[in-house]
1. Within segment 223-276, track down each residue that is acidic (Asp, Glu) and either within 30 Å of Leu205 (Cα to Cα) or out of contact with any Lys or Arg (no Cβ under 9 Å at 6 or more places or on another chain) (or both).
2. Output the residue which, of all residues in segment 56-86 that are without any contact (Cβ under 8 Å) to a residue 12 or more places away in the chain and part of a loop (DSSP other than H, G, I, E, B), is surrounded by the fewest Cβ atoms within 10 Å (Cβ to Cβ).
3. Tally the residues that are assigned to a loop (DSSP other than H, G, I, E, B) and either out of contact with any Lys or Arg (no Cβ under 8 Å at 6 or more places or on another chain) or modelled with pLDDT under 95 (or both), restricting the search to segment 169-184.
4. Six or more apart or on different chains, Cβ under 8 Å: which pairs go from a residue in segment 260-281 that's under 19 Å from Phe321 (Cα atoms) to one that's small (Gly, Ala, Ser) and not in a loop (DSSP other than H, G, I, E, B)? Could you list them?
5. Test of understanding: among Glu113, Glu129, which residue is charged (D, E, K, R), surrounded by fewer than 17 Cβ atoms within 10 Å (Cβ to Cβ) and part of a helix (DSSP H, G or I)?
6. Does Ile106 satisfy being assigned to a helix (DSSP H, G or I) and touching a helix residue (DSSP H, G or I) at 6+ places or on another chain (Cβ under 6 Å)?
7. For Ala99, state whether it is among the small types (Gly, Ala, Ser), touching a residue at least 12 places away in the same chain (Cβ under 8 Å) and surrounded by fewer than 16 Cβ atoms within 10 Å (Cβ to Cβ).
8. Hey, can you tell me all the residues within segment 73-100 that are more than 14 Å from the chain's Cα centre (by Cα) and among the β-branched types (Val, Ile, Thr)?
Amino acid sequence: MFVSIEMKVLLVAIFLAGCVLLVGGYPNPEVFVHMMPWFETKETNNGTWGQHWTMVNDNPDNVTDGKQDIASFYHPEIGAYASGDPDVIDWQLGVMKAAGISGVFIDWPGTTEAYDYPKNKENCEAIIEGTERNGLKFAIVYEDNNLDLAAVPDKIGQAQADMEYLQTNYFTKDNYVFVDDTPLLMDFGPQVLKREQWDEVFEPLDPKPSFLTLWNQHQEGGQYCNGEFAWVWVDFIDGLDRWYVTQRVPIKVGTAYPGFQPFYTNGGWPGPGYFIDYGVETFQQTWNLALEYTEMIQICTWNDYGEGTIIEPTLEYGTAFVDIIQEATKSPYTHQDFEELTKIFHLRKQHANNVRMLEVLTEKHNAIVHRYD
């Protein structure tokens, strides 16, 4: 049968499109995003911008060509924000919902009273309230390194107190993520607590969590560790390939990310100095690989501006990344919904003192995010 050149081109295009969206064994994964709760504005931080917008060298009050001078190569579409602002949270979670994202894995500082940890914890709880309003799930990513950074003398005792707080206040919520009938708990490490120390930490908990460490570290997680989650690293696709193929653990959470463009040197902070190309191609590569091997994907990250791993809408990339997710998850929402949610956010700020207008805008927001519930 004769097939024209035009038809061949069309068939190849269809095939390639199918490869992009349907590669691998898990075409319908549950998708979560890793979310940072540590951003503050002058209004929420006693008259000074939060350190994650400024590092040492930057000042968001300075604006050039419509872009604030923040500690990042990329700029939020809605401007530098406070993580605990309910309007910001509704916009962020609304965009996630429209993209087909199931929920958030929140970077949680623990209950130690040091540095900005209490404010970050407060923001985490505002985000958790937002997940309930917007119909999303959530789980916690613990930072055991904070115990060291805060020079906590009894690290196991403080970690036990943190776990009991989680069990009492978070694990009991209807929208907390459970795996095999136990609450999912991830740790960014371990960096401080190792092996049998985790057994002591989890002793007060009933049930014990489904505990996941950072990739290639499950042996440091104690007897209750039953998995790992992947992350960004200098070896990029090679490292991800090795982990997906060779690491044998009961639970694996894959990762997708748009690149790694740390601002530390520019901002005057210590931190990693390697770079991974940022953009749609990197995101699609990591997304396809995760889709091939795992049924739960964590996108890292939603909003780590300092490390340049952001997928939330920015001035530079618009909604490019959430557009990809929306198509890949077969979300019933459309690109227009992203635009409507952003419009509602700006109107909420413009009419912050108009109670009736805010009620109308809340109704409009809820009508969008709960349209398909």
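The values are calculated or read from the model by the stated rules, or taken from the named source; none is laboratory data. The shown structure was predicted, so the numbers you read here are calculated from the model rather than taken from an experiment. Positions of Cβ are backbone-derived with ideal geometry, glycine not excepted, and every protein chain shown enters the neighbour counts.
1. Glu228, Asp238, Asp241
2. Among those that are without any contact (Cβ under 8 Å) to a residue 12 or more places away in the chain and part of a loop (DSSP other than H, G, I, E, B), it is Asp65.
3. So the count comes out to 7.
4. Val280/Ala320
5. Step by step, each of Glu113, Glu129 is checked, and only Glu129 is charged (D, E, K, R), surrounded by fewer than 17 Cβ atoms within 10 Å (Cβ to Cβ) and part of a helix (DSSP H, G or I).
6. The answer is no for Ile106.
7. no
8. Of everything in segment 73-100, those that are more than 14 Å from the chain's Cα centre (by Cα) and among the β-branched types (Val, Ile, Thr) turn out to be Ile78, Val88.
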